[in-house]
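The values are calculated or read from the model by the stated rules, or taken from the named source; none is laboratory data. Nothing here was measured: the structure is a model prediction, and the numbers come from that model. No Cβ is skipped: glycine too gets one built from the backbone with ideal geometry, and neighbour counts run over all protein chains shown. Heavy atoms of the whole protein, side chains included, go into the accessibility calculation; ligands, DNA and RNA do not. Shrake-Rupley method; radii C 1.70, N 1.55, O 1.52, S 1.80 Å.
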Amino acid sequence: MGTSVQVTPLCGVYNENPLSYLVSIDGFNFLVDCGWNDHFDTSLLQPLSRVASTVDAVLISHSDTFHLGALPYAMKQLGLSAPIYATEPVYRLGLLTMYDQYLSRKQVSEFDLFTLDDIDSAFQNVTRLTYSQNHYMSGKGEGIVIAPLVAGHLLGGTTWRITKDGEDVIYAVDFNHRKERHLNGTVLESFVRPAVLITDAFNALNNQPPRRQRDQEFLDAIERTLNVGGNVLLPVDTAGRVLELILTLEQHWTQKQLSTPIYFLSYVSSSTIDYVKSFLEWMSDSIAKSFEHTRDNAFLLRKIKLVINKSALEEAPGPKVVMASMASLEAGFSHDLFVEWAADPKNLVMFTERGQFGTLARILQSDPPPKAVKVTMSRRIPLVGEELAAYEEEQNRIKREEALKATLAKEEESKASVGAEVVTNDPMAVDTNVTHPSSNASGLHSGAFKDVLIDGFVTTSSSVAPMFPFYDNTSEWDDFGEVINPDDYVVKDDNMEQSFMHVDGDLNGKLDEGSANLILDTTPSKVESSELTVQVKCSLLYMDFEGRSDGRSIKSILAHVAPLKLVLVHASAEATEHLKQHCLKHVCPQVYAPQLEETIDVTSDLCAYKVQLSEKLMSQVLFKKLGDYEIAWVDAEVGKTENDMFSLLPLSGPSPPHKTVLVGDLKMSDFKQFLASKGVQVEFGGGALRCGEYVTIRKVGDASQKVGGAAIQQIVLEGPLSEEYYKIREYLYSHFYSL
């Protein structure tokens with residue numbers, strides 16, 4: 001029986017909702033992605049709430065809200081407490097994404113689903129891994145190995161490989177096989193026949209134009225708008241696909257020497273670019289090589305201005321290009337700019353990704369687009385007059401209540417500490433409820449301690465005696481001096497939530513100054529909202545900069561990988577069924593598309609057993625080195641150890657003869673050069689290697705079928721038996737290992 005594998009979708013099947021799936025490997029539960037949408041709809045998290053406490057580890061594939069947005073809420077409210085694994089860029093940029101989400105909503109609503117402290121607390125559980133780094137799980141997950149691999153799409157984007165007993169479970173969603181300006185393509189095609197592949201059908205029905213054509217149409221549309229005096233709004237994410245747009249515009253503006261201002265507007269724009277500058281090793285080969293040779297950082301921006309406040313746009317009253325978060329237009333600067341610019345027919349709003357279902361961006365992308373939309377405009381204003389007085393009175397009342405509670409709690413704690421130490425059978429114990437008739441005892445009445453009777457000098461069994469309080473202030477010392485208690489130096493703030501306790505959790509204080517001021521601003525305020533009807537007269541355009549493989553490429557990649565079992569998630573019902581039917585015909589016979597909270601068993605059909613090699617057998621085996629490995633032919637019989645484990649033992653009788661096995665992989669071009677160096681006349685012809693006058697070497701078999709990464713092919717040596725034939729055969733054998 002193979003490794004037990006079960007998959008349970010918690011969100012994101014047969015629709016375009018956020019991604020969240022429970023993958024169980026031999027009883028060890030992985031939560032793969034923990035996404036949320038821009039509506040922060042808590043009903044989407046109900047399936048997760050039912051299993052959050054059983055999760056053993058969390059794997060995050062991308063840094064956007066759709067893949068990690070629910071982490072702070074799940075860890076605060078749903079009981080999720082498992083360790084989290086992600087790449088360094090996903091961790092850093094995901095943290096900034098959640099900051100931007102919180103700040104965007106806090107400015108226009110009383111957002112209370114999570115706080116900045118909750119975000120910091122959630123991301124403190126993240127273990128950062130590098131690409132291809134094997135991480136060995138321990139405890140309940142003993143024997144399971146996880147490794148992040150290149151996925152494309154977003155910086156640090158990950159295809160997860162989970163390995164147990166030699167069988168691979170691959171989780172690959174939102175991957176991109178194309179090389180882009182700042183990212184390499186996915187390595188998914190390097191896998192061959194994994195036991196289980198979990199992937200999405202999001203783009204199964206879409207085909208993309210060539211990248212060069214798309215980029216040219218994108219830039220032409222922007223220039224046309226600017227030439228007629230209009231503004232261009234690009235609603236973008238915080239730290240994901242916006243990076244590709246930034247490089248595209250930066251390079252074009254530099255080549256054409258254009259002077260029209262370009263702005264990147266978000267609450268964390270400066271921090272985003274600061275971190276991206278340090279992630280060059282995670283980017284495309286061209287960016288890494290350029291930095292190695294010229295020390296030129298591609299994200300050292302000269303044409304694009306980073307701003308965190310909409311008022312900064314007033315510096316350039318003429319035409320401008322603004323990339324503003326959020327891409328959904330549900331909140332943030334993009335929402336406000338759309339309301340301002342929509343009524344001008346000279347302006348252009350260009351969408352570079354499909355809007356989330358039910359958002360303003362999705363409504364505007366409909367065909368035909370609406371002529372008017374209703375939006376809610378909200379703003380936070382300071383409290384004044386009676387409202388301010390009422391707020392301050394309420395705050396003072398709360399502080400008085402908290403102070404009173406703290407005093408009472410301290411008194412209770414003091415009484416408890418004294419009372420707990422008193423032993424009733426101790427001769428030195430004080431009993432305030434007993435009145436002694438002794439006249440001597442009556443003279444001992446004092447405060448709370450009454451009628452104390454001391455009968456001789458007796459050592460107490462308690463550290464507390466009926467006397468005045470005594471505190472030992474003796475300092476503790478170690479080999480290096482006085483022991484320092486860090487708690488003595490902690491600055492306590494009554495309003496830690498507003499003060500953003502370290503301005504940037506684990507980001508070493510690197511946060512935009514304006515954003516930090518916004519966080520530290522504790523001025524009493526309220527939110528005012530009003531509904532507006534916006535006339536949509538500006539141009540609306542959609543161009544695909546999502547950075548995902550299209551339908552044609554997905555089908556080709558799946559056919560090449562040829563998994564034993566395939567699980568399809570995250571797509572519309574139409575796209576899911578289309579790809580499922582295609583894969584059943586052309587990829588593999590076992591294709592699954594589970595419903596929400598439906599658990600499917602995709603346990604491998606392979607008969608695999610764990611066996612031990614006995615020490616007695618190992619002492620008789622002769623190994624030969626093959627690259628980084630050592631190989632040997634073993635003749636053994638199966639037995640059992642004292643622990644009832646299978647074990648390979650030496651044969652009780654003589655070993656049977658076996659045919660010689662040649663191990664290795666021959667490259668014809670390399671062998672041609674080798675023969676030439678030995679003085680053999682050699683040339684390629686008709687798909688074969690002609691050696692000397694009579695001998696021919698050719699490969700036969702299907703090169704597309706592979707086992708362990710090597711093609712299943714045979715080498716055929718043809719020619720008359722002669723001295724030349726035997727000499728070339730000897731040369732051929734020398735390129736293999738004989739067992």
*Please indicate, with yes or no, whether at least one residue in region 168-186 is touching a His at 6+ places or on another chain (Cβ under 7 Å), open to solvent by less than 60 Å² (accessible area, probe 1.4 Å) and part of a strand (DSSP E or B).*
no
*Of the residues that sit in region 80-138 and are assigned to a loop (DSSP other than H, G, I, E, B) and among the aromatic types (Phe, Trp, Tyr), which one is least open to solvent (accessible area, probe 1.4 Å)?*
PHE114
*Taking the residues in region 1-25 that are modelled with pLDDT of 95 or more and among the small types (Gly, Ala, Ser) as candidates, determine which candidate is farthest from MET137 (Cα to Cα).*
SER20
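Just checking, does region 520-535 include any residue being in a helix (DSSP H, G or I) and either touching a helix residue (DSSP H, G or I) at 6+ places or on another chain (Cβ under 8 Å) or in contact (Cβ under 8 Å) with a residue 12 or more places away in the chain (or both)?
There is at least one residue in region 520-535 that is in a helix (DSSP H, G or I) and either touching a helix residue (DSSP H, G or I) at 6+ places or on another chain (Cβ under 8 Å) or in contact (Cβ under 8 Å) with a residue 12 or more places away in the chain (or both).
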*Based on what the data block shows, is SER24 among the polar types (S, T, N, Q), under 19 Å from GLU597 (Cα atoms) and open to solvent by 10 Å² or more (accessible area, probe 1.4 Å)?*
yes
_Qualifying residues in region 617-663 (those that are assigned to a loop (DSSP other than H, G, I, E, B) and among the charged types (D, E, K, R)) - the one modelled with the highest pLDDT_ = ASP635
*Output the residues belonging to region 372-385 that are of a type outside the set (Gly, Ala, Ser) and either assigned to a loop (DSSP other than H, G, I, E, B) or at pLDDT 85 or above (or both).*
VAL373, LYS374, VAL375, THR376, MET377, LEU383, VAL384
*Scanning for something at negative phi, out of contact with any helix residue (DSSP H, G or I) (no Cβ under 8 Å at 6 or more places or on another chain) and in a loop (DSSP other than H, G, I, E, B), does region 345-354 turn up at least one residue?*
yes
*asked:* Looking only at residues that are at pLDDT below 85 and among the aliphatic types (A, V, I, L, M) in region 690-731, which one is surrounded by the most Cβ atoms within 10 Å (Cβ to Cβ)?
replied: ILE715
*Just one of (1) without any contact (Cβ under 8 Å) to a residue 24 or more places away in the chain; (2) among the hydroxyl-bearing types (Ser, Thr, Tyr); (3) over 30 Å from GLU718 (Cβ atoms) trips up SER647, so point out which.*
(1)
*Pull up region 139-153, narrow it to residues that are part of a strand (DSSP E or B) and open to solvent by less than 30 Å² (accessible area, probe 1.4 Å), then point me to the one that is farthest from ASP174 (Cα to Cα).*
ILE144
*Has region 341-349 got at least one residue that is open to solvent by less than 60 Å² (accessible area, probe 1.4 Å) and in contact with a Ser or Thr (Cβ under 6 Å, 6 or more places away or on another chain)?*
yes
_Conditions (1) hydroxyl-bearing (Ser, Thr, Tyr); (2) in contact with a Leu (Cβ under 6 Å, 6 or more places away or on another chain); (3) in a strand (DSSP E or B); number of the one not met by THR199_ = (2)
*asked:* Please pick out the residue among ASP174, ASP274 that is modelled with pLDDT of 95 or more and among the acidic types (Asp, Glu).
replied: ASP174
*Can GLU598 be described as assigned to a helix (DSSP H, G or I) and either among the acidic types (Asp, Glu) or within 29 Å of THR163 (Cβ to Cβ) (or both)?*
no
